[in-house]
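First the structure, in the form of C-alpha cells, and then the observations on it.
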Amino acid sequence: MRRAAPSSHHEGLCSMDDEGNWPEIEKAAKEKRRELVLQGAVIDEKISSNGGLCSTIYSLKLLNYLEIIQCPSLTEIHGDIKNLTTLTSLIVCRNKLSSIPKTIGNLKSLKVLDISVNNLKALPEEITQLIELNTLNVSCNNIESLPDGLCHCMKLSTINISKNGITRFPDDFYRLDLLSTVIASENYIEDLSGNVHKLSALKVLDLSNNKLSDIPYELSNCSKLKEINFKGNKLKDKRLEKMVNGCQTKSILDYLRAGGRGKSKGSKQADGDKAEGGQNAEKTQTKKQRKKKNEEEEDEVDKLNLLAVKVLHMSDNPGAFTVKVANELKDVRPYLVCCVVRGMNFRSGNALKRFLAAQTKLHDDLCGKRTTATIATHDMQLLKGPLMYDARLPPILKIVPLGCKEMTAVELMRQLQLEAEDQRKQRKRQNVSGLHKYLQLLDGKELYPCLVDAEDHVISFPPITNSEKTKIRKTTKELFLEVTSSTSLQICKDVMDALIVKMVELNKFTLEHREEAGSEWESDAPPDIASDGTTTGELVIQQVRTVDPDGNLKVVYPSKTDLSTDVGNLNVIW
C-alpha cells in the first residue's frame, strides 16, 4: 500500500511518494548504515526531478559519513542537515551549491568538511562552531572572505581555500596552533602578516598566484615549515622573487632569516644606527660599486636556482632506444611516450624515497589517480632492448609484479580486486576505492597492454604495475621512464614534463642538502660538477622514439615543443 504524503513537507524536497525512487536512502535507513554515498548522473536526475534531495536523508541520524558529489542539479542543502549530529565527514563537492545552511554549526562532531567546486560566494559564520573540524576544503568557489572566529576551530590542521576571490586572512587565523597545511593559491591575497610565525605547526604553505608584494621575515621562524610556494606573486624584492620561482624552500627561508640581501635583521638595525651616526660603511661605496655588488648577488641567486636539463638527440647516440608499438593497442591503451634519464642521485639520504613520493603525488593529481595516465620507472641497466609495446591476452600475459612472484594478468587482477574489496569493506565505504577505479580501466578489454623487452619479459603492465625485474634502487644511475594513457598523447607529454621537472628539483634539493645527508652520502657517487666548480642538478635526457610495426615514426620525446614548462629557471639545453 502506498504511504500517504504528510500534510506539510519541506518545500523543494521530494515527497514521501517519491521515496521509492531513492533506494539508496531507503537501504541506508533499513540497514542502519553509518555511511552513504550519492554520486553521478542517476542521482543528479533524481535531484533534478524532485527539486532537491529527498527529505528522508535528514532522518538518517546514525550517519558518520555523507558524500554527495558530481550532481549539478544540487544547488542547496536544507537546514535539516542539523539533524545529522553524528556526522564526522561531510563531502558535498563538484555540485552547484550556492549556499551552506547556517544550521551546519549544529554538527559538533564534524571533522572533515569538503564543499569544494561549487558556486559558493560566502561561508556561514556558523562554520566557526565546528570545534572538532580538522580538515576544511572550500577550493574552487567564488568566496571573497573567510569568517572571523576560525580560531574557535582549534583542531583545524588542513585548510584549502585555493581558486577563490579571498583578499586576506582573518586576524585570528594566525591563532590556529595545530594548522599544518594551508593551500591558498590563486586568490587575491595582498598581505601575509608577520604573525604567521605563531602557526607553530605549519609545514606546508602555498600562496602561489596571489597579489603579495612582500614575504615577512617572520615566516622563517616557523620551525616545522618544509614546503612553501610563492610563485606568481610580484614581489618588491626581485632577488627574492627569483628564489621563489625556483621553489627552493630552504634557500628562501635562509634568505628571509638573514633579513634579505644577505644581512640579518640585527645587522640591518646596526646599519641604521651607523647611518644615524654617520658611520654607515655602505654610504662610502660608489654607485658603480653598489651596482656591481647587486649584480653579483643576482648572479649568485641565478646559479643557486638554475635547474638544468640537457637533451641528448638520437642522432648523437647510436645506441638510442626505439619502442615499437603494436597496432592492437589502438582500442586498448594507445598512447605512449618514453625517455632515458641520466644524472639522478638516489644514493644520498632519502633521495629515493622523495622521488617515489613525488611519483605517487603525480599519480594522484595530474594522472587522476592513474585514470588518465600512468608512470612507470625502470633501471636502465636491467633493460634489454629493443622494446615492444604490445597487447596480449590476459591468460598469456605474465609479469613479476613489484614485490611479488610471477603470475598471469588474470591472477594479478583477481588478487588486486580482492584487495580493493577488502579495503572498501575495512573503510566501510559504498563507493569504489582509488585502486578499484584504475582496475576498471581494463574492464571489458580482450587484450591487455604491456611493455616487453628483447627476451620477451613483460617489464610493465599499465596502468597496474611494472616489474620487479627492472625496479629502481639506490644504486640506479640511469632510468627508463614511460608514461601511458588511453586518453591522449598530450597528457602523456604533460605528465612526463612534470616528472622531469620534479626530478631536477629533487636532484637539486639532494645536492643542496649534501651535508645533512652525512654518512649516507656515498663517496663513489659524486655530484655533477659545473665548469666553475659548483654542484648542479643537471639531468641528461636521452630521446626515445616510438614507431609503428612498419618502422614509421609515431612520436619522439622530448621534442622541441616539450619541456616548455612554467618553471622560469628551467634551462633546457638542446
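Take segment 45-67 and flag every residue that is part of a strand (DSSP E or B) and farther than 12 Å from Trp22 by Cβ. So that I can check it myself, show each step before the final result.
The initial filter retains those residues of segment 45-67 that are part of a strand (DSSP E or B), namely 54, 65-67.
Tyr65, Leu66, Glu67, listed by residue number.
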Tally, over segment 474-495, of residues that are surrounded by fewer than 20 Cβ atoms within 10 Å (Cβ to Cβ) and polar (S, T, N, Q): 4
From Tyr335, Tyr389, residue being more than 25 Å from the chain's Cα centre (by Cα), among the hydroxyl-bearing types (Ser, Thr, Tyr) and within 29 Å of Leu312 (Cα to Cα): Tyr389
Residues satisfying the stated conditions in segment 538-561, i.e. over 13 Å from Val309 (Cβ atoms) and β-branched (Val, Ile, Thr): Val544, Thr546, Val547, Val555, Val556, Thr561
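Can you tell me which residue among Lys211, Lys226 is of a type in the set (D, E, K, R), surrounded by fewer than 17 Cβ atoms within 10 Å (Cβ to Cβ), assigned by TED's automatic domain parsing to the domain that holds Val182 and closer than 20 Å to Phe509 by Cβ?
Numbers: Lys211 fails: closer than 20 Å to Phe509 by Cβ.
Step by step, each of Lys211, Lys226 is checked, and only Lys226 is of a type in the set (D, E, K, R), surrounded by fewer than 17 Cβ atoms within 10 Å (Cβ to Cβ), assigned by TED's automatic domain parsing to the domain that holds Val182 and closer than 20 Å to Phe509 by Cβ.
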Every residue from segment 367-381 that is in a strand (DSSP E or B) and among the charged types (D, E, K, R): Asp379
Members of segment 333-366 that are part of a helix (DSSP H, G or I), surrounded by 20 or more Cβ atoms within 10 Å (Cβ to Cβ) and not aliphatic (A, V, I, L, M): Phe355, His363
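Kindly check whether there is at least one residue in segment 398-416 that is modelled with pLDDT under 80, part of a helix (DSSP H, G or I) and not acidic (Asp, Glu).
First pass over segment 398-416, keeping only residues modelled with pLDDT under 80: none.
Checked against the condition, which is being modelled with pLDDT under 80, part of a helix (DSSP H, G or I) and not acidic (Asp, Glu), segment 398-416 yields no hits at all.
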Identity of the residue in segment 26-41, in contact with an Asp or Glu (Cβ under 9 Å, 6 or more places away or on another chain) and part of a helix (DSSP H, G or I), that ends up nearest to Leu90 (Cα to Cα): Ala28
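Can you name the residue in segment 544-558 that is within 13 Å of Leu387 (Cβ to Cβ) and among the hydrophobic types (A, V, I, L, M, F, W, C) and is also surrounded by the fewest Cβ atoms within 10 Å (Cβ to Cβ) among such residues?
Initial filter on segment 544-558 (within 13 Å of Leu387 (Cβ to Cβ)): 544-547.
If we keep only those that are among the hydrophobic types (A, V, I, L, M, F, W, C) as well, we get 544, 547.
Working: Val544: 24, Val547: 16.
My answer is Val547.
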Selected residue [of a type in the set (D, E, K, R), part of a helix (DSSP H, G or I) and at pLDDT below 95] from Lys384, Lys330: Lys330
Odd one out for Gly232 among (1) closer than 19 Å to Leu136 by Cβ; (2) part of a loop (DSSP other than H, G, I, E, B): (1)
Restricting segment 112-125 to residues that are among the charged types (D, E, K, R) and surrounded by fewer than 18 Cβ atoms within 10 Å (Cβ to Cβ), the residue that is farthest from Asn141 (Cα to Cα): Glu125
Residue within segment 14-28 that is surrounded by fewer than 15 Cβ atoms within 10 Å (Cβ to Cβ), closer than 20 Å to Cys153 by Cβ and not assigned by TED's automatic domain parsing to the domain that holds Asn160 present: no
Test: residue in segment 58-75 that is of a type outside the set (A, V, I, L, M, F, W, C), modelled with pLDDT of 90 or more, touching a helix residue (DSSP H, G or I) at 6+ places or on another chain (Cβ under 7 Å) and surrounded by 19 or more Cβ atoms within 10 Å (Cβ to Cβ): yes
Breaking point among (1) in a loop (DSSP other than H, G, I, E, B); (2) more than 27 Å from Asn95 (Cα to Cα); (3) acidic (Asp, Glu), for Glu186: (2)
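The values are calculated or read from the model by the stated rules, or taken from the named source; none is laboratory data. Predicted model, so just to flag it, every value in this text is computed and none were measured. Every residue, glycine among them, receives a Cβ derived from its backbone with ideal geometry; neighbour counts consider all protein chains shown.
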